[in-house]
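Some notes on the structure that comes next.
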Amino acid sequence: MLEQLNPSQLSTMLNSAPIGILVLDSEDKISWINESLAEILGPRGQNLLGKSAATVDGDLREIFKPEGEVSLGASTDTQAISWLTTTSNLSEQYQVKYFVDISTLTVLINERDRLLAQIQALSIKDDATGLLNRRGIFQALEPQVSRSRRYENLLSVLTLKIANYEALKQQFNTDELATLMLAISQALNDQMRWADAIGRVDEDEILMVLPETEANTAQMLADKIQTHLSGLFVAALADKSFEICTRFGMAQWQKGEDVTLLMRRARDMMESGAETKVAINA
């Protein structure tokens with residue numbers, strides 16, 4: 001059908017196309033632009049014929065980029081418009097570039113990313129392990145401390161640190177490390193009572209909140225967890241045998257303490273405590 005169109009009809013069709021079209025000659029100079037692109041470029045798009053990237057000013061050099069996303073000023077020069085450009089060879093002498101306006105799509109993508117960031121900030125779950133994240137576990141701890149301050153109820157916290165986490169990051173890829181942390185988290189979660197809360201406060205640290213629990217009972221739980229981890233088998237890593245080094249910290253709430261003081265004592269014990277090596281998939 002195109003063969004049946006005369007040059008005037010082809011010119012009208014290309015000029016009225018809802019995309020920008022530009023033709024470069026063998027010296028990468030502009031030999032033709034359609035009306036849609038000229039309208040978008042506005043006054044700056046005048047007298048572009050014969051110009052090259054070296055002889056145009058400012059962001060107009062963007063139109064000479066081979067492919068990808070470029071930002072061109074609007075005809076009003078008050079805002080930027082995002083364009084996706086592709087290039088194809090028209091002949092040995094000419095190259096044609098197409099510009100598709102993706103400004104609306106870019107706005108939608110940015111809005112999506114902003115909303116996802118908000119959702120992530122409000123989330124109380126750790127994506128990798130399914131445990132509460134830092135936000136979630138401290139939301140669970142705050143009312144328990146308030147309850148103990150008001151009624152002097154028993155309350156203990158237990159922290160577990162994977163002391164060789166950085167070494168494990170070097171040993172395993174991202175997916176393998178996530179699988180390992182999921183297995184460890186599930187093993188710990190199996191030891192929790194319904195009233196307890198467990199969360200991942202850092203990539204290498206897990207916090208357990210134990211209402212109505214005294215220090216001796218919390219220490220017994222730490223010993224039980226240590227024994228449980230020593231028999232851990234991670235099926236997805238069955239071909240690998242390795243060790244994890246753990247350190248526990250524990251603190252029972254004392255009269256007058258807030259969350260900060262309680263956690264400080266637990267972490268001080270954890271950081272100064274001895275490391276225990278646990279063989280995995282042994």
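Among the residues here, Val145 qualifies as β-branched (Val, Ile, Thr), over 30 Å from Leu22 (Cβ atoms) and surrounded by 15 or more Cβ atoms within 10 Å (Cβ to Cβ). Residues that are among the basic types (Lys, Arg) and under 17 Å from Arg134 (Cβ atoms) within region 254-275 comprise Arg264, Arg267, listed in sequence order.
When region 207-242 is filtered for residues that are modelled with pLDDT of 95 or more and either touching a Pro at 6+ places or on another chain (Cβ under 7 Å) or of a type in the set (Ser, Thr, Tyr) (or both), the ones remaining, listed by number, are Thr213, Thr217. Identify all residues within region 244-263 that are more than 21 Å from Ala222 (Cα to Cα) and either surrounded by 15 or more Cβ atoms within 10 Å (Cβ to Cβ) or under 30 Å from the mean Cα position of the chain (by Cα) (or both); write none if there are none. Selection gives Glu257, Thr260. In the set (1) closer than 18 Å to Asn34 by Cβ; (2) assigned to a helix (DSSP H, G or I); (3) charged (D, E, K, R), the condition left unmet by Arg112 is number (1).
Filter region 161-201 down to the residues that are part of a strand (DSSP E or B) and under 25 Å from the mean Cα position of the chain (by Cα), then identify the one that is nearest to Asp239 (Cα to Cα). Quick ask: steps written out before the conclusion?
Quick first cut of region 161-201, residues part of a strand (DSSP E or B) only: 161-162, 197-201.
Filter once more, so that each one left must be under 25 Å from the mean Cα position of the chain (by Cα): 161-162, 198-201.
Values: Lys161: 25, Ile162: 21, Ile198: 29, Gly199: 29, Arg200: 27, Val201: 30 Å.
Among residues in region 161-201 that are part of a strand (DSSP E or B) and under 25 Å from the mean Cα position of the chain (by Cα), the one nearest to Asp239 (Cα to Cα) is Ile162.
Across region 48-100, the qualifying residues are those that are assigned to a strand (DSSP E or B) and aromatic (Phe, Trp, Tyr), and the one among them that is modelled with the lowest pLDDT is Trp83.
The values are calculated or read from the model by the stated rules, or taken from the named source; none is laboratory data. A quick note: this is a predicted structure, and the numbers were derived from the prediction, not measured. So basically every Cβ, Gly included, is an ideal-geometry build from the backbone, and we count neighbours across all protein chains shown.
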